[in-house]
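What follows is a short report on a single structure.
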Amino acid sequence: MFRTHQERLPRELALAGITDMAAANRYLTEAYRPAFNIEFMQPAMEEGSAFVAWIGGPLDEVLCERFDRTVGNDNCVSFENLKLQIPADRFRCHYVKAKVTVLRRIDGTLAILHGPRKLADYDPTGHATTSPLKAVA
């Protein structure tokens, strides 16, 4: 707030004779914050909520760590002492030397992406849990 609180609040606490933390917290709740809100709060211009539902993809694939890797000659990706085998799919025979992205989600599960396409999901130990792109027989 551009030094408003830093300069104004200590002076108000001193003026009120407040010297301990409990009294300062009580003063903030009972006097300072209500007066500040009356002075600076503006009513909403329109009725209703401004929040909208998330329409993007799964948040666990947005709120995660991303690591760039190159697929090895064995069609596996090395990631933190794990070998993540890329399953066969209908788009390519193999991904040897392809640039991929490894996602590590908050829960520890992993995924491999090739561009925007997910190749597979893995549990935290590196075992494949799904392969969304099954090979055509």
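The values are calculated or read from the model by the stated rules, or taken from the named source; none is laboratory data. These numbers come from a predicted model, not from an experiment. Don't worry about glycine lacking a Cβ; one is built from the backbone with ideal geometry, like all the others, and counts go over all protein chains shown. Note: areas computed on protein heavy atoms with side chains; ligands, DNA, RNA excluded. Shrake-Rupley method; radii C 1.70, N 1.55, O 1.52, S 1.80 Å.
Just one of (1) of a type in the set (D, E, K, R); (2) in contact (Cβ under 8 Å) with a residue 24 or more places away in the chain; (3) not in a strand (DSSP E or B) fails for residue 33. It is (2). Here residue 26 meets the list (1) open to solvent by 50 Å² or more (accessible area, probe 1.4 Å); (2) modelled with pLDDT under 95; (3) not in a helix (DSSP H, G or I) almost entirely, failing just condition (3).
Scanning region 71-123 for residues that are within 23 Å of residue 57 (Cα to Cα), assigned to a loop (DSSP other than H, G, I, E, B) and of a type in the set (A, V, I, L, M) turns up 86, 106.
Being aliphatic (A, V, I, L, M) and either open to solvent by less than 50 Å² (accessible area, probe 1.4 Å) or farther than 24 Å from residue 123 by Cα (or both) is true of residue 103. Annotation note: Cβ proximity below 6 Å between a residue of region 88-112 that is farther than 17 Å from residue 67 by Cα and a residue that is of a type in the set (Gly, Ala, Ser) and exposed (fewer than 15 other Cβ atoms within 10 Å of the Cβ) (sequence gap 6+ or interchain) occurs for 88/135; 89/135; 90/135. For residue 18, indicate whether it is over 30 Å from residue 97 (Cα atoms), of a type in the set (Val, Ile, Thr) and open to solvent by 50 Å² or more (accessible area, probe 1.4 Å). No.
Number of residues in region 44-54 that are more than 14 Å from the chain's Cα centre (by Cα) and open to solvent by 100 Å² or more (accessible area, probe 1.4 Å) equals 5. With respect to (1) at pLDDT 85 or above; (2) under 29 Å from the mean Cα position of the chain (by Cα); (3) in a loop (DSSP other than H, G, I, E, B); (4) of a type outside the set (Ser, Thr, Tyr), the lone exception for residue 57 is condition (1). Of all residues in region 33-89, those satisfying the criterion of being of a type in the set (Gly, Ala, Ser) and closer than 22 Å to residue 104 by Cα are 56, 57, 72, 78, 88.
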